[in-house]
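Here is the structure we will look at.
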Amino acid sequence: MKGVIIVVVVLAIQLMVEPGSAISCGQVDAALAPCMPYLTGGGNPAPKCCDGVKNIKGMASSTADKRAACNCVKAAANRYPSLKDDAAQALPNKCGVEMNIPISRTTNCDNIN
C-alpha cells in the first residue's frame with residue numbers, strides 16, 4: 001500500500017511540471033516504477049515498464065534532458081541495492097527501445113550528447 005501511495009504522489013508531481021520544462025526525477029521515477037520487479041528479479045519487463053522506457057525516451061529529447069534523465073536513473077539505481085546491473089543495462093533492448101541514456105549506477109552522465 002505504501003508503494004501505491006508513493007507512485008500516486010510521484011504521478012501528481014509529474015502532472016504539476018510545466019510543459020516544456022526540463023525532465024524531472026519524479027517523471028523518470030514514475031516511468032520506471034513498473035520496471036522494479038524486472039530490475040530486481042530479472043525475467044522480462046512488463047508492458048507498462050516498456051511504456052515507461054518509451055516515455056523517458058520521448059521526454060528526453062535535448063542533451064540537457066538526456067543528462068538530467070541519466071542523473072535521475074543513476075540516483076534511482078543507487079537507492080536500490082538489489083537492482084541487478086545486467087537487467088538494468090538490458091532494459092532498453094528488451095523493450096525494443098534505442099536509448100542514449102545508459103541505465104547504470106556508474107555512468108558519467110556529463111558524457112551524454
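Quick notes on this structure:
- Modelled label positions at Ala75 and Thr40, each set 7 Å beyond Cα in the direction of Cβ, lie 2.0 nm from each other.
- R0 of 25 Å, Cβ-Cβ distance Ser82-Ser62: FRET efficiency to nearest 0.05: 0.15
Since every read-out is calculated from the coordinates, none of them should be taken as a lab result. As the structure is a prediction and not an experimental result, all values here were calculated from the model. Neighbour counts run over all protein chains shown; Cβ positions are idealised from the backbone, glycine included.
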